[in-house]
Each structure stands twice: as C-alpha cells, then as structure tokens.
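Chemist: Below is the structure I would like to discuss, written out as structure tokens.
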Amino acid sequence: MISHIYTRVQAKARARQIKADSPVPISLAAALEYVAQEMGFRDWNTASARLSNTPEAHWLGGERVSGTY
C-alpha cells in the first residue's frame, strides 16, 4: 500500500509517471486502476471517492496563526 498519496492530484501524478515509465503502451485509465490497487482500493472509482480534493495543510489545528483577517 502506498501511504504518501493523500489527494487525487497525487494519485493522478503517480498514474502519469507509471504510464510514462511503462515499457509497453498503457492507457491512463489502466494506470489509474493500477494506482488504486497499489493503494489497496478495489478500483479507481473507489479510490477517487475516498481521496481528498484539498491539498495537504501545512499547519495543525490549534496552532497560532498571524496575519490579516
């Protein structure tokens, strides 16, 4: 299971990397299915539904913040 993929953007980037690195022609859909299986999901639709659209937060809840509101 790949643990460093948290968003759909990261999963799609991994699929594009797999497609580019493949010695035989592979469709992007097949690469997405492969990524989903790497992550432990049944298929891309399930993985896509479970993955977040929001980027990783670079702060934690409860931290002090500064700036203009």
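The values are calculated or read from the model by the stated rules, or taken from the named source; none is laboratory data. Here the structure is a predicted model, which is why all the values come from computation and not from measurement. Note: ideal-geometry Cβ built from the backbone for every residue, glycine included; neighbour counts use all protein chains shown. Note: areas computed on protein heavy atoms with side chains; ligands, DNA, RNA excluded. Shrake-Rupley method; radii C 1.70, N 1.55, O 1.52, S 1.80 Å.
Chemist: How large, in percent, is the carbon and sulfur part of the accessible surface of the chain at a probe radius of 1.4 Å?
Modeler: That share works out to 55 percent.
Chemist: What ranking, highest mean first, results for peptides 6-12, 29-35, 16-22 when packing means the other Cβ atoms within 10 Å averaged over each residue?
Modeler: In descending order of packing, they fall as 29-35, 6-12, 16-22.
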